[in-house]
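Novice: Supplied in structure tokens, the structure appears directly below.
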Amino acid sequence: MTFDPARVFATLERHGVDYVTIGAFAVIAHGYVRATADIDLVARQDRDNLERLAAAFAELRARRRGVDAHLLDIDPTDPDTLANGASFTLDTDAGPVDYLTDVPGADDYPSLRSRAVETTAAGVTIRVVGLADLIRMKRASGRPQDLRDIANLSPRPDSSP
């Protein structure tokens with residue numbers, strides 16, 4: 001499977017999905033380039049937006065990722081499934097996507113969205129969680145990679161005389 005983040009973001013944009021990307025793509029957008037192999041995102045939870053998200057996931061041929069995930073009767077291209085409040089790790093034809101609904105340290109979606117920033121990559125607009133929100137979420141997660149991201153994103157004291 002080829003990882004094509006531009007295709008994922010373009011599909012979300014084309015379907016009019018109200019989302020914010022978090023995780024490594026947000027780290028990159030805020031100035032620290034590091035490798036990543038997936039896209040992490042949160043989305044507005046109203047019915048219309050979940051229908052648009054489900055349509056985008058259908059276009060990307062999203063399916064649950066994990067051992068025996070295909071045996072579960074869970075369809076991430078169904079808006080009712082997305083509305084049940086669960087987070088999903090997905091494989092798509094454009095690479096892995098983690099759709100998250102409960103992120104440690106995150107404010108509610110309207111608050112995150114109001115502080116999000118927009119950037120453009122490969123001609124596609126990408127909505128990215130704000131820096132303070134990103135750092136707060138990474139601090140709450142506390143994984144070693146998240147702590148390294150915080151160190152690399154945090155302003156350093158000026159060392160000039």
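FYI, it's all coordinate maths here, none of it is from the lab. This structure is a prediction, so every number in the text was calculated from the model and none was measured. Note that we place each Cβ from the backbone using ideal geometry, even for glycine, and neighbour counts take in every protein chain shown.
Novice: For the peptides 2-9, 42-49, 111-118, what is the packing order when you average, over each peptide's residues, the other Cβ atoms within 10 Å and list the highest mean first?
Specialist: 2-9, 42-49, 111-118
Novice: Take ASP107 and ASP93, extend 7 Å from each Cα along the Cα→Cβ direction, and tell me the distance between the two endpoints in nm.
Specialist: 3.8
Novice: Same structure, new question: For the chain, give the share of DSSP beta bridges that are antiparallel, in percent and rounded to the nearest 5; count only bridges with both residues there.
Specialist: In the chain, DSSP labels about 80 percent of beta bridges as antiparallel.
Novice: What's the long-distance tail for region 5-149, i.e. % of Cα pairs beyond 19 Å?
Specialist: Result for the distance tail: 49 percent.
Novice: Have a look at PRO110, PRO96, PRO76 and tell me which one the Gaussian network model of the chain (Cα, springs below 10 Å) gives the largest fluctuation.
Specialist: Result: PRO110 has the largest fluctuation of those listed.
Novice: In addition: Would you mind putting 99-106, 14-21, 81-88 in packing order, based on average other-beta-carbon counts within 10 Å, highest first?
Specialist: 14-21, 99-106, 81-88
Novice: How much of the DSSP beta bridge set in region 22-106 is antiparallel, as a percent to the nearest 5?
Specialist: So the antiparallel bridges amount to about 75 percent of the total.
Novice: Rank these for me by crowding, ILE28, ILE22, going from fewest to most other beta carbons within 10 Å.
Specialist: ILE28, ILE22
Novice: A further question follows. Calculate for the chain the 222 nm mean residue ellipticity that helices alone would give, adding -39,500 (n - 2.57) per DSSP H run of length 4 or more and normalising by residue count, nearest 500 deg cm²/dmol.
Specialist: When only DSSP H runs of four or more count, the value is -10500 deg cm²/dmol.
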